[in-house]
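Okay, so here's the structure we're looking at.
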Amino acid sequence: MAVLVDLALIALAIIRLVLAIIFAVAGLYIASWVLGRLTKGLEEWQEIGKGNSAVAIYMAGIFVSVAIIVGPGVVGLFRTLDLVGIVIGFVQLVLALALAVAMQYVGLSFLGRLTKGFDEWAELKKGNIAVGIIMAAIVIAIGAIVSQGVVSIIEALFA
């Protein structure tokens, strides 16, 4: 009997892992797409395809940051595997993703205001690696700080 219970728990853990990977990849894709629409004249994936390391560094920062913020939403998705639990978890994931994108947008807009007369997007497009590193660091820092607020909001809404 214990073997059957263990096998069921292992199967449940594998299902959770597969679903977490699917939702994480979907979340990163959506964040990339939305943030890509907000950038000024920069086609990120075209630039990366051309070997633009500065844009690649910036996008890596975006992905790390979104993962830091959205992680709690993905975890919440699989507390239970009943339909209500999955729906609540999905709402948590969507909320975390929306907050991640919004916070990145606010952070990058604030950076633009701090650096008047300096066009970060044009510098990224030119391949300025220093700018790519700074922008990646900024979005990762935002993610690290905002993630705790996202956890608090999710816990408050769905406790």
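The values are calculated or read from the model by the stated rules, or taken from the named source; none is laboratory data. Note that the structure is a prediction, hence the values are computed from the model and not measured. In this analysis, Cβ positions are derived from the backbone assuming ideal geometry, glycine residues included, and neighbour counts consider all displayed protein chains.
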Subset of region 89-115 [of a type in the set (D, E, K, R) and within 21 Å of I153 (Cβ to Cβ)]: none
Looking only at region 13-54, and only at residues there that are part of a helix (DSSP H, G or I) and among the hydroxyl-bearing types (S, T, Y), the one that is farthest from G107 (Cα to Cα): S53
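Just checking, which of L42, L19 is at pLDDT 80 or above and closer than 22 Å to A98 by Cα?
Result: L42 is the single residue among L42, L19 that is at pLDDT 80 or above and closer than 22 Å to A98 by Cα.
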Residue list for region 109-129, restricted to those being touching a helix residue (DSSP H, G or I) at 6+ places or on another chain (Cβ under 8 Å) and at pLDDT 85 or above: E120, E123, L124, K125, K126, G127, N128, I129
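Test of understanding: among I57, I86, which residue is more than 27 Å from S152 (Cα to Cα) and either part of a helix (DSSP H, G or I) or modelled with pLDDT of 85 or more (or both)?
I57
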Count of region 126-146 residues which are part of a helix (DSSP H, G or I) and surrounded by fewer than 21 Cβ atoms within 10 Å (Cβ to Cβ): 11
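Okay, residues lined up against (1) surrounded by 11 or more Cβ atoms within 10 Å (Cβ to Cβ); (2) over 16 Å from V139 (Cβ atoms):
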residue: A11; (1), (2): no, yes
residue: G36; (1), (2): yes, no
residue: N52; (1), (2): yes, yes
residue: V55; (1), (2): yes, no
residue: S65; (1), (2): yes, no
Subset tally (residues that are assigned to a helix (DSSP H, G or I), surrounded by fewer than 18 Cβ atoms within 10 Å (Cβ to Cβ) and without any contact (Cβ under 8 Å) to a residue 40 or more places away in the chain) for region 103-121: 7
